[in-house]
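The values are calculated or read from the model by the stated rules, or taken from the named source; none is laboratory data. The structure presented is a predicted model; accordingly, all values stated were derived computationally and were not measured. Note that we place each Cβ from the backbone using ideal geometry, even for glycine, and neighbour counts take in every protein chain shown.
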Ligand SMILES: [Zn+2]
Ligand SMILES: [Zn+2]
Ligand SMILES: [Zn+2]
């Protein structure tokens, strides 16, 4: 006989781990007990040597679906001659840790019950169990128990209570457990609030589906917020939704009932289908099928379509009742944050939705759908939110201090960390108004409580005007660490791959505050987590009129022509008819004089300029639109490249001189070259020049690794071509996978930099 105490760490609380251990112990006939403590799960087992060994071998392997076992440590303890196995109460005291998991899509068992007319949960839209259902979005506090969730107001009926208390039941300690007798209910109301009584429909979900098929726009309360839904194939309805939402071109996501119906919409390989089916149920971007039954207005100008599958029982019922794919776009007006509170939704969306499908389970934290794409066989997260948050992400080092990072301004996320683990918050959005700012501040407080983090060190961007920076600077009694924007991008990419550098980073994005006060965005950095050197840059040009140049790419075309051809360039062929001669002259003057026109090295703005020169668009309706459309236009077979010399042979900074490229583009466009050809040659030029510059920087510094990040690297063509050139040159390439390459990854990068600097200064550098 032998007795062993095993400690299991990772995501092991609130996921049915103790009942799983209980069942495994019963099956193998071992004695002992299991309990939760502040660090995870502790098991003591007593049995014959080989039985204990078998128990420990199976323990991590057969864990329940939502569990993530990071570490099992076992030590022998004194035998007690115990018989039987029990689940014990948690010891009091100790701080709660990592007990909150992401929201998880309906599991196959619950789906079967939902669709079984004989089951007591037949068509019940809030069916869930220990292996699925809402988590993060309903949590109000810790420990993760029903009174600390938005289910607190619902008292379980005897049948639900019995399931909840039975360790052998799939609903043992499932905090949101509910049924039609005791749980939340749906109702369908008109925009004014009056109930919809559809005599033909058995229930509100079915009535909503009928209304959708009749051409209605329905606001639907989901897991992390409201969606606006309509049938995806009907052009009139989709165009009407666009008009009411004031969203001109930004693509809408589509929800399909299952993988088979998703295959009618997009071309997917096995890995993409797998991604679509993960419990996180993200929006997956994949090439749209030419014959996809979706209206042109769903995703105008975009070759890829965002598709997702139902992730709540309500979605499953709705999609089955409707019998066809639905547009499911975030419930907001234009760029506002998504609505998640009933009253707020009913007032803000009153002019958009005809009907509201509501329910009485409150959403505690607004959480948008996550967006992901497959890149070179690996997931590339473009927005990390519902289904992924609040899973922790390790940091390469533990500086011994508790940290907060405030992130950037656009696509903001915040993050907290301690003990070498980071918790990156949900997508907050663009910190430009009161509502996003308050959700930023509330979110930080919520995370600090959930993960018991009391920040001693606060990392922030260098931009003095970012609301996230201002928030950091107002905090008392903390040590502040300012982190350069592009260094944070580099550090985030290194840290998620458990690396500390030194490495070369090609960081291309729209804008970030540079150490010299100019707008950076085409940076070649060499460094690690603590420090960096700016080894190279895109040739700097003016941004005529500042932010106006972001909305009007033709201004960037004018600035690049001024740099490439000299003051007062003529209006190019691609822009004739789109820009008036007076406006062009005025902007050309700004570009020459530099008045109200900061210098920028932004590659995002170079893309804007090239798109404008090609005549793709002179103005944009959302950030990055011109670049997206320029990429969409690429002729994949084009092998030629424009010249894009890299200056710096003398050992000075490596400057990607795109003036030469711009001159070649103008000549090609004047000659009548097709847009796909121009776009292809431009992408090839930038990939080749970037690879050349990275190779030189690697040779100079001795680094063998290149990190590619920043929002511009969401561009598949640029990323794939640059990566393959670098690999051909014998360099290792790292790209972001668990966090977005865009500014959604900045907070995590700030944490990594701050941790490295504090560790170095305080001499505490524990490898995590
Ligand atoms: Zn389930
Ligand atoms: Zn019940
Ligand atoms: Zn950035």
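Quick one: count up the residues across segment 712-735 that are within 21 Å of residue 641 (Cα to Cα), within 25 Å of the chain's Cα centre (by Cα) and part of a loop (DSSP other than H, G, I, E, B).
Let us first name the residues in segment 712-735 that are within 21 Å of residue 641 (Cα to Cα), namely 712-729.
After this cut, where a residue has to be within 25 Å of the chain's Cα centre (by Cα) as well, the list is 712-723.
Next, from what is left, pick out any that are part of a loop (DSSP other than H, G, I, E, B): 715.
Adding up the residues that qualify gives 1.
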Any hit, segment 544-558, residues being in contact with a strand residue (DSSP E or B) (Cβ under 6 Å, 6 or more places away or on another chain), outside the structural domain of residue 754 (by TED's automatic domain parsing) and more than 16 Å from ligand 1 (Cβ to nearest atom): no
Conditions (1) at pLDDT below 90; (2) part of a loop (DSSP other than H, G, I, E, B); (3) crowded, with 16+ Cβ neighbours inside 10 Å; number of the one not met by residue 94: (3)
Residue that is farthest from ligand 1 (Cβ to nearest atom) [pool: residues in segment 477-494 that are in contact (Cβ under 8 Å) with a residue 24 or more places away in the chain and under 12 Å from residue 408 (Cα atoms)]: 484
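Which members of segment 176-185 meet the condition of being surrounded by fewer than 22 Cβ atoms within 10 Å (Cβ to Cβ) and more than 7 Å from ligand 2 (Cβ to nearest atom)? Break it down stepwise before answering.
First, the residues of segment 176-185 that are surrounded by fewer than 22 Cβ atoms within 10 Å (Cβ to Cβ): 179-182, 184-185.
Correct list: 180, 184, 185.
With the structure loaded, tell me whether residue 417 is touching a helix residue (DSSP H, G or I) at 6+ places or on another chain (Cβ under 6 Å), assigned by TED's automatic domain parsing to the domain that holds residue 490 and either surrounded by fewer than 21 Cβ atoms within 10 Å (Cβ to Cβ) or part of a loop (DSSP other than H, G, I, E, B) (or both) or whether it fails that test. Walk me through it before giving the result.
On the way: touching a helix residue (DSSP H, G or I) at 6+ places or on another chain (Cβ under 6 Å): yes; assigned by TED's automatic domain parsing to the domain that holds residue 490: yes; either surrounded by fewer than 21 Cβ atoms within 10 Å (Cβ to Cβ) or part of a loop (DSSP other than H, G, I, E, B) (or both): no.
In short, no.
Have a look at 50, 46 and point out the one that is in a strand (DSSP E or B), modelled with pLDDT of 90 or more and either assigned by TED's automatic domain parsing to the domain that holds residue 420 or more than 26 Å from residue 163 (Cβ to Cβ) (or both). Before the answer, list the steps.
Numbers: 50 fails: in a strand (DSSP E or B).
Result of the check over 50, 46: 46.
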Qualifying residue in segment 363-370 (condition: within 24 Å of residue 193 (Cα to Cα) and touching a strand residue (DSSP E or B) at 6+ places or on another chain (Cβ under 7 Å)): yes
Residue that is farthest from residue 142 (Cα to Cα) [pool: residues in segment 1-37 that are buried (at least 19 other Cβ atoms within 10 Å of the Cβ) and out of contact with any strand residue (DSSP E or B) (no Cβ under 6 Å at 6 or more places or on another chain)]: 24
Any hit, segment 600-612, residues being touching a strand residue (DSSP E or B) at 6+ places or on another chain (Cβ under 6 Å), more than 29 Å from residue 250 (Cα to Cα) and not assigned by TED's automatic domain parsing to the domain that holds residue 748: no
Selection count, segment 112-146, where residues are assigned to a loop (DSSP other than H, G, I, E, B), closer than 23 Å to residue 224 by Cα and either without any contact (Cβ under 8 Å) to a residue 24 or more places away in the chain or away from ligand 2 (no atom under 16 Å from the Cβ) (or both): 9
Some residue of segment 147-164 being touching a strand residue (DSSP E or B) at 6+ places or on another chain (Cβ under 8 Å) and within 16 Å of ligand 1 (Cβ to nearest atom): no
Residue 199 being away from ligand 2 (no atom under 12 Å from the Cβ), assigned by TED's automatic domain parsing to the domain that holds residue 281 and at pLDDT below 95: yes
Any hit, segment 666-683, residues being touching a strand residue (DSSP E or B) at 6+ places or on another chain (Cβ under 8 Å) and either farther than 23 Å from residue 724 by Cβ or assigned by TED's automatic domain parsing to the domain that holds residue 610 (or both): no
Filtered residues of segment 154-168 (kept if without any contact (Cβ under 8 Å) to a residue 12 or more places away in the chain and more than 10 Å from ligand 2 (Cβ to nearest atom)): 165, 166
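Residue-wise test of (1) under 28 Å from residue 175 (Cβ atoms); (2) touching a helix residue (DSSP H, G or I) at 6+ places or on another chain (Cβ under 8 Å); (3) not in a strand (DSSP E or B).
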{"site": "25", "(1), (2), (3)": "yes, yes, yes"}
{"site": "56", "(1), (2), (3)": "no, no, yes"}
{"site": "69", "(1), (2), (3)": "yes, yes, no"}
{"site": "82", "(1), (2), (3)": "no, no, yes"}
Of residues in segment 58-67 being in a helix (DSSP H, G or I) and in contact with a strand residue (DSSP E or B) (Cβ under 7 Å, 6 or more places away or on another chain), the one surrounded by the fewest Cβ atoms within 10 Å (Cβ to Cβ): 60
Members of segment 461-497 that are in a loop (DSSP other than H, G, I, E, B) and under 18 Å from residue 515 (Cα atoms): 462, 463, 464, 465, 466, 484
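Kindly state which helices (runs of 4 or more DSSP H) lie completely within segment 498-617 and contain at least 3 residues that are surrounded by 24 or more Cβ atoms within 10 Å (Cβ to Cβ). Steps first, answer last, please.
Values: elements: 548-551, 553-565, 581-593, 603-613.
By residue number, 553-565, 603-613.
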